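Values quoted throughout were computed directly from the atomic coordinates according to the rules given, and no laboratory measurement underlies them. Because the structure is a prediction, the values reported are computed rather than measured.
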Amino acid sequence: NITVNPVITVTADTVVCANQIPFSWNGINVTGAGPYPFTTQSAAGCDSTITLNVTVNPVITVTADTAVCVNQLPFTWNGINIAVAGAYPFTTQSAAGCDSTITLNVTVNPVVTATADTAFCASALPFTWNGINISTAGAYPFTTQSAAGCDSIATLILTVNTVATSEFTAAA
């Protein structure tokens, strides 16, 4: 009487993150996704094969661009203090438990400044410029928003021309 013990074949599935590669399994170097067969002996002394089917979840990398006004600095994003323009990477975990990196690319829009020099005759005073009552010479700043939505300062620099007078004596 001969008893034939069957060859045992087993599969095991595993999912790993890309940053966990490579690793060793039963002396086999696992370097990526795919099947990794391992042959050994069963308790009955027969060949048996265990195949590890490896699935690799990728590292997720995302970028987001934002533009802020200079007066909105500094601010905090995901615990990172942002004080100047630049790229700010933040590493977290994806839904699959793997590393994920989102990079916030920050552009800083400057305050726009402009000046206008003008001269008026004293008789033209007072007048109103952008809601500012102007009655004497000087610098008059007006704050508004630029096309980018940031503070913008226009300054009117006013010089007042004096009234010229002259005397005339007539002889008879």
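Observations on the structure shown:
- Relative intensity, log₁₀ I(q)/I(0), of the range 38-103 from a Debye sum that treats every alpha carbon as a point, q = 0.22 Å⁻¹: -0.95
- Translational D in µm²/s for the chain (Stokes-Einstein at 25 °C, 0.890 mPa s, Kirkwood Rh from C-alpha pairs): 101 µm²/s
- Of the residues 78, 57, 105, the one that moves most in a GNM of the chain with alpha-carbon contacts below 10 Å is 78.
- Linear extension gain, residue 73 paired with residue 38, 0.36 nm per residue minus alpha-carbon span: 6.8 nm
- Linear extension gain, residue 155 paired with residue 66, 0.36 nm per residue minus alpha-carbon span: 29.1 nm
- Considering only the chain, percent of DSSP beta bridges that pair antiparallel, nearest 5: 50 percent
- Calculated from backbone phi, Karplus (6.51, -1.76, 1.60) coupling profile of the range 86-91 in Hz, x at Gly/Pro: x, 9, 10, x, 10, 9
- Calculated from backbone phi, Karplus (6.51, -1.76, 1.60) coupling profile of the range 113-122 in Hz, x at Gly/Pro: 10, 8, 10, 9, 8, 8, 10, 10, 7, 4
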